[in-house]
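See below for the structure under consideration.
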Amino acid sequence: MTISVNMERQMEEIFIKAFPFWNDLTEGQRRNIQANAVKNFCPKKTRLHFGGGECAGVQIIDAGRVRVFITSPGGGDITLFRLLAGDVSILSAACMLNGMDVELDMEMETDCVIYTIPKQIYRKLYDESSAVKEYTMEMISEKFSDIMWLFNQFVFSNVASRIAGALLEHRAIAGGDVLDLTHEVLARDAGTAREVVTRILKQFQSDGLVKLTRGKVEVLDAAGLGKI
């Protein structure tokens, strides 16, 4: 019984941190979420697909790092954004809204723990609570703004600038200058070929911006990368 109570408290703490509307819900609504939320452990490299009318529901990343991307008909992919511990994947539930269907893929870049609130449970909350509806629309709008910014970068910026931006993003995630990062990962993030990434990284190294070793990139001049 003690274990069950502790698990309930742990789950509630996760929801309180993830959802700013939590205190606006009724006791019954909060209990309904807790009773129906599903906890999953997803090993590194697990891939999930959402879209085509299929909704996973709203997902909370309790631990780990997730890459969200889109896949082209030819099999290539472009990274849209990453989710870290405490983040909410709201777009995985977007198709529960009328007329909205988003095709997305998720890949676990580390071992992950994910809580999922089923679509029918979240949809009921969305219909009943103005606070939930406001939060949902704000989050979806924010993510689409991020995606539009990304595509503007692909259209209007050069590849070197995108690679520099990807390096700075990974540096922020890692919290340090030495990055366990392959050229293939950077190619996906920048939407270009691996060979292009290799060539540009070598140029960055010649310019004193980075140091390259096998499977690692060390950022030597973050300010310089930010100016590219």
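Points to keep in mind about this one:
- Calculated P(r) tail over 15 Å for segment 28-76, as whole % of Cα pairs: 64 percent
- Pairs beyond 28 Å (Cα-Cα), from Lys44/Lys227; Lys143/Lys211; Lys39/Lys124; Lys45/Lys133; Lys17/Lys227; Lys44/Lys119: Lys44/Lys227; Lys143/Lys211; Lys45/Lys133; Lys17/Lys227
- Think of each Lys and Arg Cβ as +1 and each Asp and Glu Cβ as -1; about the Cα centre, that makes the dipole of the chain roughly 520 debye.
- Degrees between helix 130-156 axis and first principal axis of the chain (Cα, 0 to 90, nearest 10): 10 degrees
- Charged side chains reduced to their Cβ positions (Lys and Arg at +1, Asp and Glu at -1) give segment 17-83 a dipole of some 360 debye around its Cα centre.
- Value in Å of the Kirkwood radius, where the chain supplies the Cα pairs that are averaged: 19.3 Å
- Cα centroid separation - segment 163-205 against segment 19-95, whole Å: 26 Å
No value in this document is a laboratory result; all are computed from the given coordinates. Remember, it's a predicted structure, so these values are computed and weren't measured experimentally. Glycine also receives a Cβ, built like all others from the backbone with ideal geometry; neighbour counts cover every protein chain displayed.
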